[in-house]
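Input: a single structure, listed below in structure tokens.
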Amino acid sequence: MDLFQLETFLAVAEERSFSRAAARLHRTQPAVSQAISKLEGELGEVLFERSSRDGTLTDAGEVLREYAQKLLNLRTEATGALGELRELHRGRLNLAANEYTCLYLLPLLDEFRRQNPRIKVSVQRALASRIPDEVLMHSVDLGVLSFRPEDPQVRSVVVFRDDLAFVVNPQHALAKAGEVSIRQLGTQNFIAHNIASPQRQKVIQIFNRHKTPLRMGVELPSLEAIKRFVEMGNGVALVPGLTLQRELEQGTLVKVKIRELQIERKLRLVYRKQASLSHAALAFLKVVEAYAEAHGDPYCFQTERSA
């Protein structure tokens, strides 16, 4: 039993004639008769009174008519729903980010929602190391990373350039220095994140290269906590520049340049290389590209070649 057979069955029932049903469906009458015979054979029931010329339904035909109409209505509904997805009148966008990279998403999501208010957006907080797996498992459409994924099944697009910033309390002795050298920081108490990262390892290596101790006296679980603790005068910190806009504007933290420590961080959108993206995800990528073109540096949109 297929939808064409049911459509033919309903046409005969509604037209009360095999010939009129054939004309309506742009089929020959023998083709319509054959479709009905095949349907009756599959169901094991006679659907039309053969003694009647007006296509009168049998009891079995009356039962099938209701269900056939429901099935064809569902087809119409499904086609309409898919059309709404294409036109972005419904759908869902699932993203994965960590505490830091989520800040990059906020202005993009604001623009995306302005253009597509009916699309539901969900941002899942995830460890950066787990995001490529979440993408490949189809748990999310897109992920945001501060490192280039190694898995060749994941495609990456550089979308933002950031730096690692050294910040102190406004009353700190180095607040008015403007620029310092690493050797001046050997006695400082650094407030660090308690999750290891590639950037943290780079910083440790640079301090080692300059034979300067890196004293991480306090480790905290979030960037917000680190910034608040530095504001209270409990030490200094290295944090992503993206996270500092409010504090620098309000003057609660001061950014000081470290001469020998210039670490650029590239944020990337990542997604499955061999899979079709949802209409919502494709629309989001278009928003990201257009936003980068309109605003320029530090926003960008550069597809990376596979490793």
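The values are calculated or read from the model by the stated rules, or taken from the named source; none is laboratory data. The model shown is predicted, which means the values in this text are computed figures rather than measured ones. Here Cβ is always computed from backbone atoms with ideal geometry, including for glycine, and neighbour counts include all displayed protein chains. Accessible surface areas use protein heavy atoms only, side chains included; no ligands, DNA or RNA. Shrake-Rupley method; radii C 1.70, N 1.55, O 1.52, S 1.80 Å.
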For this session: Assign unit charges at the C-beta atoms only (+1 for Lys and Arg, -1 for Asp and Glu), then state the dipole size of the range 266-307 relative to its Cα centre in Debye, rounded to the nearest 20.
Result: 260
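To check you understand DSSP bridge types, tell me what percent of the beta bridges within the range 117-276 (both residues inside) are antiparallel, rounded to 5.
On the way: 19 of 25 bridges.
Given both bridge residues lie in the range 117-276, the antiparallel proportion sits at roughly 75 percent.
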For this session: For the range 226-234, just list the computed ³J(HN,Hα) in residue order, Karplus coefficients 6.51, -1.76 and 1.60, θ = phi - 60°, integers in Hz, with x standing in for Gly and Pro.
Result: 4, 5, 4, 5, 5, 4, 6, x, 9
Problem set entry | Estimated FRET transfer efficiency (THR76, GLU150; beta-carbon r; R0 41 Å; 0.05) | 0.35
Seminar exercise, completed: Distance in nm between GLN29 and GLU99 label points, each 7 Å along Cα→Cβ, equals 7.9
For this session: Hey, can you grab everything whose amide H is under 5 Å from the amide H of LYS266? Only 5+ residues off in sequence or another chain; H modelled, so Pro and N-termini drop out.
Result: ASP162
Exercise. Could you sort CYS102, CYS300 by accessible area so the largest value comes first, with the probe set to 1.4 Å?
Worked result: CYS102, CYS300
Problem set entry | FRET efficiency for ILE195 and LEU85, using Cβ-Cβ distance with R0 set to 45 Å, rounded to 0.05 | 0.75
Exercise. Ignoring ligands and nucleic acids, what accessible area does TYR291 show with a 1.4 Å probe (Å², nearest 10)?
Worked result: 40
Exercise. Full extension from THR187 to ALA290: what is 0.36 nm times the residue separation minus their Cα-Cα distance, to one decimal in nm?
Worked result: 32.5 nm
Problem set entry | Amide H contacts under 5 Å for PHE48, placed H, 5+ residues apart | THR58
For this session: Quote the accessible area belonging to HIS172 in square angstrom, nearest 10, computed with a 1.4 Å probe and with ligands, DNA and RNA left uncounted.
Result: 50
Problem set entry | the range 118-165 shape via C-alpha gyration tensor axes, a/c threshold 1.5 | oblate
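Nearest 5 is fine: what % of DSSP beta bridges in the chain come out antiparallel, could you say? Write out the running numbers ahead of the final one.
Working: 23 of 37 bridges.
In the chain, DSSP labels about 60 percent of beta bridges as antiparallel.
Can you give the convex hull volume per residue for the Cα atoms of the range 219-307, as a whole number of Å³? List each step's numbers first, then the result.
Details: hull volume 16.2 nm³, N = 89.
It is 182 Å³ per residue.
Could you put LYS227, LYS38, LYS273, LYS286 in order of accessible surface area, largest first, with the 1.4 Å probe and the full protein assembly present?
Values: LYS227 5, LYS38 120, LYS273 65, LYS286 150 Å².
Output order, biggest surface exposure first: LYS286, LYS38, LYS273, LYS227.
Let me know the charge dipole size of the chain about its Cα centre in debye, to the nearest 20, where only the beta-carbon of Lys, Arg (+1) and Asp, Glu (-1) is charged. Write out the running numbers ahead of the final one.
On the way: 42 positive and 37 negative charges, 286 e Å.
That gives the chain a dipole magnitude of about 1380 debye.
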Problem set entry | Inter-label distance, nm, simple model (7 Å from Cα along the C-beta direction), ARG113/HIS210 | 4.1
Exercise. GNM on the chain, C-alpha springs below 10 Å: top fluctuator among VAL157, VAL203, VAL167?
Worked result: VAL203
Exercise. For the residue pair VAL46 and LEU248, what label-to-label distance in nm results when each label sits 7 Å from Cα along the Cα-to-beta-carbon direction?
Worked result: 8.6
Seminar exercise, completed: With R₀ set to 35 angstrom, the calculated FRET efficiency between the beta-carbons of SER276 and ALA177, to the nearest 0.05, is 0.10
